[in-house]
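Taking it in order: structure first as structure tokens, then the write-up.
The values are calculated or read from the model by the stated rules, or taken from the named source; none is laboratory data. From a predicted model like this one, the values you see are computed outputs, not experimental measurements. Methodologically, a virtual Cβ is constructed for each residue, glycine included, from the backbone with ideal geometry; neighbour enumeration extends over all protein chains shown. For the accessible areas, the whole protein counts, side chains as well, though only heavy atoms, and no ligand, DNA or RNA atoms are used. Shrake-Rupley method; radii C 1.70, N 1.55, O 1.52, S 1.80 Å.
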Amino acid sequence: MSTPAALEVPATVGALGEIASFVLLLAGRAGLGKGATYRIRLAVDELATNIVMHGYRGGDGRITVRGRSGPDGVRIVIEDTAPAFDPVEGRLPPAPGVPPERRRVGGLGIHLALTSVDAYSYAYRDGRNISTLTVKAEGTDACPPRS
């Protein structure tokens with residue numbers, strides 16, 4: 001992959017649009033189709049929203065988004081200094097047999113986001129949450145087709 005880029009924004013709801021625009025720019029540079037573009041934007045938006053709402057809990061903080069785009073797809077790394085949180089541990093798979101009022105609140109958005117990308121990893125290093133997401137270009141797409 002090539003074409004590295006970076007964005008650093010305050011961890012506020014108002015900055016989420018700037019993050020989304022950054023992701024769309026990278027997806028466009030990679031020539032991603034609508035499906036792959038939607039999947040990477042969904043995942044990054046969900047993670048960034050959770051950092052703002054639950055990680056920093058309205059307090060001061062920054063989110064750094066780094067990306068690389070190329071003919072194979074897009075890789076995005078999101079970093080923050082909020083308390084350690086591994087999204088994989090916080091996700092909640094759908095519970096089709098459980099009535100909505102009895103389901104645990106939260107975690108479904110993370111589940112949808114992480115299952116929409118081709119690769120995801122999390123690390124906590126030097127006081128930073130580091131999430132890495134990859135979406136491959138169509139034709140190299142590892143995600144199963146939606147039915």
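Taking the numbered list (1) crowded, with 16+ Cβ neighbours inside 10 Å; (2) more than 12 Å from THR134 (Cα to Cα); (3) in contact with a strand residue (DSSP E or B) (Cβ under 6 Å, 6 or more places away or on another chain) in turn, ALA82 passes all entries but (3). Taking the options ASP80, ASP60, ASP72, ASP86, name whichever one is of a type outside the set (Val, Ile, Thr) and modelled with pLDDT of 95 or more. Exactly one of ASP80, ASP60, ASP72, ASP86 is of a type outside the set (Val, Ile, Thr) and modelled with pLDDT of 95 or more, namely ASP80. Kindly provide the set of residues from segment 113-130 that are buried (at least 17 other Cβ atoms within 10 Å of the Cβ) and within 18 Å of GLY35 (Cα to Cα), ordered by number. Across segment 113-130, the qualifying residues are ALA113, LEU114, SER116, VAL117, ASP118, TYR120.
The set of residues from segment 25-70 being open to solvent by less than 30 Å² (accessible area, probe 1.4 Å), over 18 Å from SER121 (Cα atoms) and assigned to a strand (DSSP E or B) comprises just one member, GLY70. For segment 6-24, the criterion of being touching a residue at least 40 places away in the same chain (Cβ under 8 Å) and among the acidic types (Asp, Glu) is met by at least one residue.
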